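Laboratory data are not the source of any read-out in this text; all were calculated from the coordinates shown. Since we're looking at a predicted model, the values are computed, not measured. FYI the Cβ positions are ideal-geometry reconstructions off the backbone, even for glycines, and counts take in every protein chain you see.
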Amino acid sequence: MRKQIAAANWKMNLTLQQGEALLDAIIATPHSLNEHQQAIFAVPFPYIAMAQSKLAGKKNVFVAAQNCYSKKSGAYTGEVSVEMLQSMGVQYVVLGHSERREYFQESNQFLADKVNICLDYNIHPIFCCGEPLEIREAGTQNAFVAKQLEESLYHLSAEQLQKIVIAYEPIWAIGTGKTATSAQAQEMHAYIRSQLAAKYGDGVAANISILYGGSVKAANAVEIFGQPDVDGGLVGGASLIVEEFAAIIHALKK
Ligand code: 13P
């Protein structure tokens, strides 16, 4: 079974003290992850060390960064390199979140560069894709997402591709409370997997975890995660609430 993942994306939220309290409370909530389940916490850069020390020794639990820069090192004031993240023991980085695409003009090509440097340092990208509302309304979401995948990922070898986690996040469902229906999520996830299969073969495609993101909460996680091609979620708002995120972890396929 491919990995089933509950990934928290804290975005630019919480003070250090609030983040500490949130992790303490989540740790204190009884949950057990089996060998094909993972919980990942994508925390703001300044909290990575804190999160790692809180979560040290917890099985199948990882700390992720929410971004990285595309260059190895140098005069890029304010940026964070993959080498820095690797030196801290970070194993996952969220790339291409729609907020970064929109507010920081991150293009598919720029993201391809970030994917490459992550893989050079053996860090797993959690690669986000997903269409805006007008594309969904025009019914051209498949082509839109296919282009994102093609331009940022399809230069990779099959071996490299298998290090990637994909997160499908329809922009119209992010932070809006308007979740894609489980059927809409399944349809797109199956489409993404079919595209990966066409390019890399069924065996490779079957092993790639594809997470759904966009207003996932305790009340809808079981149904969404229950879809055959949905392998968990990338969760914003609900990941900041202990009971919600604990229930979302619990909703992962067993
Ligand atoms: P919400 O869960 O708040 O809709 O955010 C989704 C998201 O963008 C996760 O990366």
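Once both labels are modelled 7 Å past Cα along the beta-carbon direction, what's the Glu134-Ala21 spacing in nm?
Result for the modelled spin labels: 4.2 nm.
What is the extension gain from Met1 to Lys199, computed as 0.36 nm multiplied by their sequence separation minus the C-alpha to C-alpha distance, in nm to one decimal?
Extra length available between Met1 and Lys199 comes to 69.2 nm.
Can you give the percent of C-alpha pairs in segment 107-243 whose distance is more than 25 Å?
Result: 24 percent of Cα pairs exceed 25 Å.
List the GluC sites (Glu not before Pro) in segment 162-254 that DSSP assigns to loop (not H, G, I, E or B) and whose Cβ has at most 10 other Cβ atoms within 10 Å. Which are they?
Answer by residue number: there is no such site.
Report the relative contact order of the chain, percent, no decimals, based on alpha-carbon pairs under 8 angstrom and at least 6 residues apart. Intermediate results must be reported in sequence, preceding the final value.
On the way: 474 pairs, mean separation 55.1, N = 254.
Once divided by the residue count of the chain, the mean separation gives 22 percent.
So which of Lys163/Lys254; Lys59/Lys147; Lys71/Lys178; Lys58/Lys147; Lys114/Lys178 end up more than 28 Å apart, counting from Cα to Cα?
Lys59/Lys147; Lys71/Lys178; Lys58/Lys147; Lys114/Lys178
By per-residue mean of other Cβ atoms within 10 Å, what is the highest-first order of 89-95, 180-186? Could the numbers behind the result be given before it?
Working: 89-95: 21.4, 180-186: 18.0.
Taking the mean over residues of other Cβ atoms within 10 Å, the ranking is 89-95, 180-186.
Using 0.36 nm per residue of separation minus the Cα-Cα distance, give me the extension gain between Asn34 and Asn13 in nm, one decimal.
That pair, Asn34 and Asn13, stretches by 4.6 nm at full extension.
How high is the relative contact order of segment 1-41? Use alpha-carbon pairs under 8 Å, at least six apart in sequence, and give a whole percent.
Result for segment 1-41 is 78 percent.
Given 0.36 nm per residue, what is the gain on full extension from Phe144 to Asn122 after removing their alpha carbon distance, in nm?
5.1 nm
Could you tell me how far the Cα centroid of segment 115-151 sits from the Cα centroid of segment 29-104, in Å?
Comparing the Cα centres of segment 29-104 and segment 115-151, I get a distance of 19 Å.
Using Cα-Cα distances under 8 Å and only pairs 6 or more residues apart, what relative contact order does segment 64-132 have, in percent?
38 percent
State to the nearest 20 debye the size of the charge dipole of the chain about its Cα centre, where the only charges are +1 on K and R beta carbons and -1 on D and E beta carbons.
Rounded to the nearest 20 debye, it is 400 debye.
For Val94, what residues show an amide H to amide H distance below 5 Å, using hydrogens built from the backbone and excluding near sequence neighbours?
Ala65, Gln66, Asn67, Ile126
Whole percent per 5 Å bin, from 0 to the bin with the longest distance: what is P(r) over all C-alpha pairs of the chain?
Histogramming the chain at 5 Å steps yields 1, 6, 14, 19, 21, 18, 13, 6, 2, 0 percent.
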